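Here is the structure we will look at.
Computed from the coordinates by the stated procedures, all read-outs in this text should not be read as laboratory data. This one's a predicted model, so the numbers in the text were calculated from it and none came from an experiment. Backbone-built Cβ (ideal geometry, glycine too); neighbour counts: all protein chains shown.
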Amino acid sequence: MKKWHFLLWVLIIIATLLGLFGQALAYYVDENMANNVPPVYYLTIITVISIILYLATPLLVYLMLVWMYGHKLVKSLSYK
């Protein structure tokens, strides 16, 4: 269980850092690694990765709960 919590925290922290420092990272990639594409494309890719990480975290939490508790959780979440 603690490994799952650690993984979820790491995903949230990485997504936050990518969101905060995405522009600096995009300019760094443009200047030092690949100079053939404008930095706005790198910024778009980094932003999309950050958003995907934010959206994947609740999905992973749900899948983890279903894996741990099985049918009980699915029954309790369904409408009556």
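On full extension, the segment bounded by F6 and N36 gains 7.1 nm, given 0.36 nm per residue less the C-alpha separation. Cα convex hull, the chain: 111 Å³ per residue, rounded to a whole number.
Exposed loop sites were defined as chymotrypsin sites (Phe, Trp or Tyr not before Pro) in DSSP loop states (anything but H, G, I, E or B) carrying at most 15 other C-beta atoms within 10 Å; in the chain the longest segment without such a site runs 22-78.
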